[in-house]
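Before any comments, here is the structure.
The values are calculated or read from the model by the stated rules, or taken from the named source; none is laboratory data. Given the structure is predicted, the values throughout are model-derived calculations rather than measurements. Every residue, glycine among them, receives a Cβ derived from its backbone with ideal geometry; neighbour counts consider all protein chains shown.
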Amino acid sequence: MLEVSHVTKKYGKVTACDDVSFRLEPGSVTVLLGPNGAGKSTLMKSVIGFLKFEGAITVGGYPNKTVEARRLLGYIPEMPSLYPNLTVSEHMEFLARAYKLTDYKGRIDELFRRFELEDKRRKFGDELSKGMQQKLNICLGLLPEPRVILLDEPMIGLDPHAIKELKLIIEELRSRGCTLLVSTHIIDSVDMLWDRALIMDAGQIRANVGREELAERGETLEQLFFDVTEGQSAGAPEEGTPE
Ligand code: ADP
């Protein structure tokens with residue numbers, strides 16, 4: 001459903017993604033783990049079509065910048081960018097019109113109920129707390145019912161209720177056949193959710209492992225993460241590029 005093939009992205013001399021390849025299947029949750037600066041956000045932004053890169057990315061078989069691919073893709077960024085002069089409800093209406101959605105009112109009500117935004121409908125973007133902005137951001141990402149959903153550090157800033165709700169939603173989307181890629185540097189926040197884990201460090205995918213495969217090896221995700229990230233840097237201290 002999502003295929004990333006030999007993707008390289010450089011910012012000047014910094015290679016943020018270095019020949020990254022992987023493939024994600026429908027009905028799966030993949031967690032993208034890596035320390036700060038590993039290249040996770042750059043990879044996400046490349047997939048969603050925000051950045052130019054070398055290599056190829058397809059969504060449902062379509063190149064990622066085509067209209068067909070964009071219809072399938074959803075992105076929930078780490079930093080919400082809301083309009084200060086639009087209310088919570090107006091943000092959702094605006095998005096629904098941009099995507100030419102029909103029969104979306106009930107879905108907005110349901111998302112607002114689940115993320116406890118019902119009494120915030122008339123608040124303006126710049127009146128919302130950071131956590132509320134993130135909740136609205138999630139509602140906006142989910143409203144068009146994308147089939148491939150990228151979530152960049154989605155739990156940051158959320159209260160416990162919203163975290164619980166988001167985890168439930170992720171499981172529901174998976175059972176409906178969606179493909180989810182969740183990036184985080186907090187392993188605990190996704191521990192129960194993932195089917196496959198990609199561990200990224202210094203722009204490269206250092207491990208790509210299924211949950212069962214890891215369990216058979218008797219390893220935890222945390223152990224693998226530290227083996228891969230700290231093991232590598234401990235082995236090659238002189239070559240480490242400064243952050
Ligand atoms: P992560 O999301 O894993 O924290 P990023 O993708 O944000 O990693 O960053 C990967 C590398 O690319 C880092 O070295 C970062 O400093 C660099 N980088 C990210 N965005 C830019 C940018 N717009 N311009 C220059 N360098 C960038």
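Within the stretch 31-45, which residues are more than 8 Å from the ligand (Cβ to nearest atom) and within 10 Å of the chain's Cα centre (by Cα)?
Those that are more than 8 Å from the ligand (Cβ to nearest atom) and within 10 Å of the chain's Cα centre (by Cα): V31, L32.
Only residues that are under 14 Å from the mean Cα position of the chain (by Cα) and either in a helix (DSSP H, G or I) or charged (D, E, K, R) (or both): list them for the stretch 141-156, please.
Result: G141, L142, R147, D152, E153.
Restricting attention to the stretch 12-30, and to residues there that are over 11 Å from L181 (Cα atoms) and polar (S, T, N, Q), which single residue is nearest to the ligand (Cβ to nearest atom)?
Taking the candidates together, the pick is T15.
Which of (1) crowded, with 17+ Cβ neighbours inside 10 Å; (2) touching a strand residue (DSSP E or B) at 6+ places or on another chain (Cβ under 6 Å); (3) of a type in the set (D, E, K, R) does K45 not meet, given it meets every other one?
(2)
Somewhere in the stretch 161-177, is a residue within 16 Å of V29 (Cα to Cα) and in a loop (DSSP other than H, G, I, E, B)?
yes
Considering only the stretch 185-214, how many residues are modelled with pLDDT of 90 or more and either under 14 Å from the mean Cα position of the chain (by Cα) or not in a helix (DSSP H, G or I) (or both)?
Matching residues across the stretch 185-214 total 17.
Are any of the residues in the stretch 46-67 assigned to a helix (DSSP H, G or I) and away from the ligand (no atom under 16 Å from the Cβ)?
Taking the stretch 46-67 as the starting set, the residues that turn out to be assigned to a helix (DSSP H, G or I) are 46-48, 67.
Subsequent filtering for residues that are away from the ligand (no atom under 16 Å from the Cβ) retains 67.
Yes, there is a match, as at least one residue in the stretch 46-67 is assigned to a helix (DSSP H, G or I) and away from the ligand (no atom under 16 Å from the Cβ).
Considering F112, F124, which residue is at negative phi, buried (at least 20 other Cβ atoms within 10 Å of the Cβ) and at pLDDT 90 or above?
Matching residue, one of F112, F124: F112.
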